[in-house]
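**Q** Here's a structure for you.
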Amino acid sequence: MANDILKYLREKEYVSGEVLAKKLDISRVAVWKQMQKLKYLGYKITSDQNMGYCLISRPDLLIPQEVQRGLSTTFIGKKIFYFSELESTNIIAKEKALHRTEAIDEGTIIIAERQTAGKGRLGREWFSPAGGIWLSIILYPQLPPSYIPRITLMTAVAVVKAIKMCTQIEPQIKWPNDILINDKKVCGILTEMSAELDIINWVVVGIGINVNIDHQKFPEDIQANTISLKEISGKKVLRVKLAQTFLQEFEKYYDKLKRKEFPSILEEWKLYSHTLGREIRVNIGENIIERIGTGQAVC
Ligand code: BTN
């Protein structure tokens, strides 16, 4: 219902409670209650006895009505499960993908303002306070399991493009999936999946972007290697805009991948690569491989 009210509330223009009540077929008291809900969420709404309600500003919260407003995707983010706090968006996304208790379409996303047990790669914790973008995307790609690393790689390209478009900052990609600015991590990607020998059942791509987080808030052990977009740009970055841009870029690259146009994505990845031409050390079980990054391994 709050969503419907938002459709009729015009920014900087008054709409009377009576008109809203008529349009939505509810009482004026119900309209008032919905206004209180919206104010609680962070919408600034003024009211005037004669003129009605006027929307002054919207919150930079990743609530579905904000993220979906003007989102130009066809399937990514068409359904959003939003939490102000949860353990981990990947955990919830996996539960939904796995049990299919409700119709979960491809492109459904789980977003949280904060995670209490955010998961990083290799069983590490992922620090996820308010101010970041913590989201997971559920996919059912009809592709062979060997495509999984490509999904991670295209996600990295989509993140870099979105950050560049929204902040003019150009991050780099450190193989396989760290996004860096000035050699410090600004975003991590955690891809989890279930697959049979030759088909993928589901994939959950978890993306964590340090957007508006002050440096001193990062735990001491990661402070030296971590950075946020706010620190670099010197001002708050609009998370809703960045999340929308990322989802749009993600859909674009995922569609390309499905059309088997991976080589063109790889070319872009190379442009942003922090790894190409550098010596890299890769942990594979107990073995450590050292070599010069060429981009070959991901093809
Ligand atoms: C890494 O270690 O670099 C991967 C970090 C991935 C973090 C994101 S935040 C959203 C999603 N939910 C999680 O619990 N993890 C991923």
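**Q** Residues to consider are Ile109, Ile80, Ile92; find the one that is modelled with pLDDT of 95 or more, in contact with a Gly (Cβ under 9 Å, 6 or more places away or on another chain) and more than 18 Å from Ile213 (Cα to Cα).
**A** Ile109
**Q** While we're looking at this one, here's another question. Please find, among Lys230, Lys256, the residue that is at pLDDT 95 or above and touching a Ser or Thr at 6+ places or on another chain (Cβ under 9 Å).
**A** Answer to the selection: Lys256.
**Q** I want to confirm something. Restricting to the stretch 103-120 and keeping residues that are touching a Lys or Arg at 6+ places or on another chain (Cβ under 8 Å) and not aliphatic (A, V, I, L, M), which single residue is nearest to the ligand (Cβ to nearest atom)?
**A** Among those residues, the one meeting the criterion is Thr108.
**Q** Looking at Lys22, Lys94, which is the one that is within 28 Å of Asn201 (Cα to Cα), among the charged types (D, E, K, R) and either open to solvent by 10 Å² or more (accessible area, probe 1.4 Å) or more than 15 Å from the ligand (Cβ to nearest atom) (or both)?
**A** Of the residues listed, the single one that is within 28 Å of Asn201 (Cα to Cα), among the charged types (D, E, K, R) and either open to solvent by 10 Å² or more (accessible area, probe 1.4 Å) or more than 15 Å from the ligand (Cβ to nearest atom) (or both) is Lys94.
Okay, residues lined up against (1) modelled with pLDDT under 95; (2) open to solvent by less than 30 Å² (accessible area, probe 1.4 Å); (3) among the β-branched types (Val, Ile, Thr):
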{"site": "Leu153", "(1), (2), (3)": "no, yes, no"}
{"site": "Ala158", "(1), (2), (3)": "no, yes, no"}
{"site": "Glu192", "(1), (2), (3)": "no, no, no"}
{"site": "Ile199", "(1), (2), (3)": "yes, no, yes"}
{"site": "Asn210", "(1), (2), (3)": "no, yes, no"}
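**Q** To continue, here is another question. If you scan the stretch 121-167, which residues turn out to be within 14 Å of the ligand (Cβ to nearest atom), assigned to a helix (DSSP H, G or I) and of a type in the set (Gly, Ala, Ser)?
**A** Gly123, Ala156
The values are calculated or read from the model by the stated rules, or taken from the named source; none is laboratory data. Remember, predicted model here, so these are calculated numbers, not experimental data. Every residue, glycine as well, gets a Cβ built from its backbone with ideal geometry; the counts of neighbours run over all protein chains shown. SASA here: full protein model, heavy atoms, side chains in, ligands and nucleic acids out. Shrake-Rupley method; radii C 1.70, N 1.55, O 1.52, S 1.80 Å.
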